[in-house]
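Structure first, then comments.
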Amino acid sequence: ALAKRWKVLWLEPTTILKKTHFTPIEIEPNIFVLSIPHIPYNARLQWMRKIALPLSKIKLFRNLLLFVQYQLIHQAIVSIGSKDDDVGILLYNFHSVQILKKLNPRFIIFDYIDNVFGFASMPQHVTKSWEEAIRIADVVTVTSPTLAKLIEPIRKENVVHLGNGVEFEHFAFKEKLSAPDDLPKGKPI
């Protein structure tokens, strides 16, 4: 929907065994994807998490990574024909908050969809980035009242609860589908 009015640059983290795009590629009209390196705090591979956590505690390493991320994003904004002063941000990954401040966007919407601290132990600097993202956003959207309560000590205004949902037409079938065998029988799905 955003691409009907604006150019959208979707930032995805680089991932092992997945094709990366260090220059933006247009995947649909006005929707571009850019891969940026990141610290894989929640990597599926345990060995990767064991490397990432100690590395992330080195401030020089984090600052170098931020510099590289900023350069890639700035170049992408220019290459898709936009200007740095005409950027709005819909933020999912709060680890990027330091880059956002450098971009000086017109607006920031922080879409807080999951409690990342419920999945893994995070270093203190990650908590600080999360708090800063909540503070600097113009609006914070949450997917549950529980998430709204988590951010309440930091922010109470401009917090909007947008529950999860689906495109009804995509899941509405005229014929009744049978549930997969591994789901409980006789319970609503």
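The values are calculated or read from the model by the stated rules, or taken from the named source; none is laboratory data. Since this is a predicted model, take the numbers as computed values, not measurements. We place every Cβ from the backbone using ideal geometry, glycine too, and count neighbours over all the protein chains shown. Ligands, DNA and RNA are stripped out before the accessible areas are found, and what is left, the full protein with its side chains, is counted by its heavy atoms. Shrake-Rupley method; radii C 1.70, N 1.55, O 1.52, S 1.80 Å.
Structure data summary
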read-out	value
Estimated vicinal HN-Hα couplings, Hz - the range 39-50 in sequence order (Karplus 6.51, -1.76, 1.60; Gly, Pro = x)	8, x, 4, 10, 4, 5, 7, 4, 4, 5, 5, 5
Prolate/oblate/rounded call for the range 16-72, Cα gyration tensor, a/c under 1.5 rounded	oblate
Amide N proximity, the range 1-43 versus Q71 label position 7 Å along Cα-to-Cβ, cut-off under 15 Å	22-23, 36-38
Euclidean distance between Cα centres, the range 106-168 to the range 1-72, Å	20
Expected 222 nm ellipticity per residue - DSSP helices of 4 or more, -39500 (n - 2.57), all of the chain, to 500	-10000 deg cm²/dmol
Hz values of 3J(HN,Hα) by residue in the range 144-158 - Karplus curve (6.51, -1.76, 1.60), Gly and Pro given as x	7, x, 4, 5, 4, 5, 4, 8, 3, x, 9, 7, 10, 8, 6
About the Cα centre, charge dipole magnitude for the chain (Lys/Arg +1, Asp/Glu -1 at Cβ), debye	560
Estimated FRET transfer efficiency (V166, F61; beta-carbon r; R0 35 Å; 0.05)	0.30
Loop sites in the range 58-127: trypsin sites (Lys or Arg not before Pro), DSSP, at most 14 other Cβ within 10 Å	K83, R106
Accessible area of the range 1-138 belonging to carbon and sulfur atoms, whole % at 1.4 Å probe	58
Sequence ranges 68-79, 167-178, ranked by mean other-Cβ count within 10 angstrom, highest first	68-79, 167-178
Virtual spin-label span in nm between K50 and D138, 7 Å along Cα→Cβ	4.6
Nonlocal amide H pairs with I89, under 5 Å, H built at 1.01 Å	F107, I108, I109
Vicinal HN-Hα couplings computed from phi for the range 101-118 (Karplus, 6.51 cos²θ - 1.76 cosθ + 1.60; Hz; Gly/Pro x)	4, 5, 6, 6, x, 5, 8, 10, 10, 9, 9, 8, 9, 7, 7, 4, 6, x
Above-threshold pairs, the threshold being 24 Å between Cα atoms, out of K59/K102; K50/K149; K18/K50; K59/K101; K50/K102	K50/K149; K50/K102
Rounded accessible area per residue of the chain, 1.4 Å, Å²	70
Cα lying deepest toward the dipole's positive end in the range 1-99, options I39, I73, I27, charges on Cβ	I39
The range 104-189, dipole about Cα centre (Lys/Arg Cβ +1, Asp/Glu Cβ -1), debye to the nearest 20	200
Whether the range 13-163 is rounded, prolate or oblate, judged on the alpha carbon gyration tensor where a/c under 1.5 counts as rounded	oblate
Fraction of beta bridges assigned by DSSP in the range 1-144 that are antiparallel (%, nearest 5)	20
